1. So which residues in the stretch 39-68 are surrounded by fewer than 16 Cβ atoms within 10 Å (Cβ to Cβ), in a loop (DSSP other than H, G, I, E, B), modelled with pLDDT under 95 and not small (Gly, Ala, Ser), if there are any at all?
2. Within the stretch 4-20, can you find the residues that are under 19 Å from ASN35 (Cβ atoms) and surrounded by 11 or more Cβ atoms within 10 Å (Cβ to Cβ)?
3. If I go through the stretch 124-134 residue by residue, how many of them are in contact with a Ser or Thr (Cβ under 9 Å, 6 or more places away or on another chain) and either closer than 11 Å to ALA163 by Cβ or assigned to a loop (DSSP other than H, G, I, E, B) (or both)?
4. Please determine whether any residue of the stretch 31-49 is under 19 Å from the mean Cα position of the chain (by Cα), free of Cβ contacts under 8 Å to residues at least 24 places away in the same chain and farther than 21 Å from ALA90 by Cα.
5. Checking LYS23 against (1) in a helix (DSSP H, G or I); (2) of a type outside the set (A, V, I, L, M, F, W, C); (3) surrounded by 12 or more Cβ atoms within 10 Å (Cβ to Cβ), which single condition isn't satisfied?
6. Just name the residue that is surrounded by the most Cβ atoms within 10 Å (Cβ to Cβ) out of those in the stretch 123-171 that are touching a residue at least 24 places away in the same chain (Cβ under 8 Å), β-branched (Val, Ile, Thr) and touching a Gly at 6+ places or on another chain (Cβ under 8 Å).
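The values are calculated or read from the model by the stated rules, or taken from the named source; none is laboratory data. Everything numeric in this text was worked out from a predicted model, so none of it was measured. Every residue, glycine among them, receives a Cβ derived from its backbone with ideal geometry; neighbour counts consider all protein chains shown.
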Amino acid sequence: MRPAVMLNKIKKAVILFLLGAIKYLPFHAAMKIRNICYRCIFKKMGKNSNICDAVTITNPSKISIGDRCSIHEYSYFAGEGEIIIGDYVAIANNCTIISESHNFSDRNMPIKMQGLSPQPVTIGNDVWIGSKVTILGNVKIGNGAVIGAGSVVTKDIPEYAIASGVPCKVMRYR
């Protein structure tokens, strides 16, 4: 194995160990260490962004987070299709962002054997995503939007819209 590949594997293992161990540290110390670790494995992570404990992230190398973002506890990000989050975004607890989907067109093959298709998710600047929101692939949320708690976002949300529901629909504008 090449030295660079080996070094990357060691770096990733150390980061994953640190992310698991820091939950026993005081809140602010743990937050700083967690942010340093994520900065090393994300595609991009802006200044003063915070990721709370108990956030699950797959494929972090395909996730970009802007400045002054917050991602709260028990959120889940599946980043296979790329997730781009703008500046000043607040993502409440228990949110799910899925940037991939199972293929299922071949009826003669089990769905689990057909693989995944990447479906990017883009969240603009100054967006507030309420608790327990699910955002599915191929979705763009415009700047200044507010997504109400418990919503399932399956289509694009325009700028400055206040949207909620299952499926998520625009209720009014800011």
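1. LYS43, LYS47, ASN48, ASP53
2. Hits for the stretch 4-20 are LYS11, LYS12, VAL14, ILE15, LEU16, PHE17, LEU18, LEU19.
3. So the count comes out to 4.
4. Checking the stretch 31-49: not a single residue is under 19 Å from the mean Cα position of the chain (by Cα), free of Cβ contacts under 8 Å to residues at least 24 places away in the same chain and farther than 21 Å from ALA90 by Cα.
5. It fails just one condition, (3).
6. Of everything passing the filter in the stretch 123-171, ILE123 is surrounded by the most Cβ atoms within 10 Å (Cβ to Cβ).
Every residue, every condition in (1) closer than 30 Å to GLU159 by Cβ; (2) surrounded by 13 or more Cβ atoms within 10 Å (Cβ to Cβ); (3) under 12 Å from the mean Cα position of the chain (by Cα), yes or no:
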residue	(1), (2), (3)
GLU80	yes, yes, yes
ALA90	yes, yes, yes
CYS95	yes, yes, yes
ARG107	no, no, no
PRO110	no, no, no
GLN114	no, yes, no
SER117	yes, yes, no
PRO120	yes, yes, yes
